[in-house]
Amino acid sequence: MIDVTRHTPHDCRRRRALEVRTFGTTKKEIVALADWLRCWGVNTVVMESTGDYWKAPFFRLEAEGFACELLDAKQVKALPGRPKTDRCDAVWLAKVTERGMGVGSCFVPSEEIRRLRTLTRYRRHLIEERSREKQRSEKLLEDAMIKLSVVVSDLHGVSARDIMEALIGGQRDPKVLAQLARGKMRNKILALEEALDGADTFTGHHAFVLRMMLDNIDHLTVQIDGLTSRIEELIAPFERQVVQLDGIPGMGRIAAQDLLAEIGTDMSVFRTAGHLVSWCKFCPQVKQSAGKRKGRNSKGRGNRYVAGVLGEVSVSAGRSKTRIGARYRRIARRRGKPKARSHVATPS
């Protein structure tokens, strides 16, 4: 249920008509809300950002032709001492908007960017889940006294995958397993034999669980590839922007797609570059009182998807022979890698 406040001119010049009604969040109820607002000549609708619950009425009213604005709940919270109810919040939102109390609207991307964002965020969730499954498989091998991850850099590469398949199939001889190595891994045959020397402790229940883990990883990989193909179709109109972002050191095509899906292509919604950085919660917030600085100087939790992309890009750029890479390595030596990622991800 949502409480809606109508704040419109009254017959008397110096007064405003205020009425509060309650509507449901189904399509029928929101259409009824739109009809009620039209009857009173209301063109602008303002609502508070509360989780994901604002999306259904916001997008439906936007489709009905209303100018919708989304306000940050932290900026429009009611003053202390007043009762905190949905009805009072609705009245307060109407007054805040009408009086122009300096509250800016939240960024809401266009419909095509929203569709793209749904796919890119779900792809990131699947990639994270696949990474967790890979980590579980490594722990399972460690539990079976198999030190394969000590020798191979990619536990799910071609050579390591063949070795795990052979383990599941019942092979326990470390020399036979080491001979499954391919390419450059064949230079580490002796190291592989030593790492696989504990294969005799790899029991049937290890093989059963590892089989399920590998199948799950393959299933997630197929889903991720399907999402990537669909994203390539939807992002075709923004190919020029993707190519431009891809030219930045450390920024790959997938990272460019994720970043475009989060911030869009219309930068006019952010007054300056600093406003964009602030929206992403990448700028520090100084808290000082009586000459002492308090807190961790963090602005708060921001967009985790933007933070994830920029974190990956900064690490990749840190390996490059560029000015950005040199800056990352210099800061990492003095202040650690987390600080280096933060400094490289934000503008100087």
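Each value in this text was obtained by applying a stated rule to the coordinates, not by laboratory testing. These figures come from a predicted structure and were not determined experimentally. Neighbour counts run over all protein chains shown; Cβ positions are idealised from the backbone, glycine included.
One table, with the values for the structure above:
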quantity: In the range 102-202, trypsin sites (Lys or Arg not before Pro) in a DSSP loop with at most 13 other beta-carbon atoms within 10 Å; calculated: R182
quantity: Coordinate range along principal axes, alpha carbons of the range 133-176, Å, largest first; calculated: 24, 21, 17
quantity: Under 25 Å from K95, Cα to Cα: lysines that are on another chain or at least 8 residues apart; calculated: K55, K74, K77, K84
quantity: Over the chain, equivalent-ellipsoid semi-axes from the Cα gyration tensor in Å; calculated: 52, 25, 20
quantity: Debye-sum result for the range 162-286 in log10 I(q)/I(0), which assumes one identical scatterer on each alpha carbon, at q = 0.11, 0.14, 0.16, 0.18 Å⁻¹; calculated: -0.70, -0.80, -0.87, -0.96
quantity: Over the range 136-229 - Rg/Rh using Cα atoms and the Kirkwood inverse-distance radius; calculated: 0.99
quantity: Reachable aspartates and glutamates from K188, criterion Cα separation under 18 angstrom, eight or more residues apart if same chain; calculated: D154, D162, D173, D197
quantity: Along principal axes, Cα extents of the range 100-176, largest first, whole Å; calculated: 75, 25, 18
quantity: The chain, helix-only ellipticity at 222 nm - DSSP H runs n ≥ 4, -39,500 (n - 2.57), divided by all residues, nearest 500; calculated: -17500 deg cm²/dmol
quantity: R333 paired with S153, simple spin-label distance in nm, labels 7 Å along Cα-to-beta-carbon; calculated: 2.2
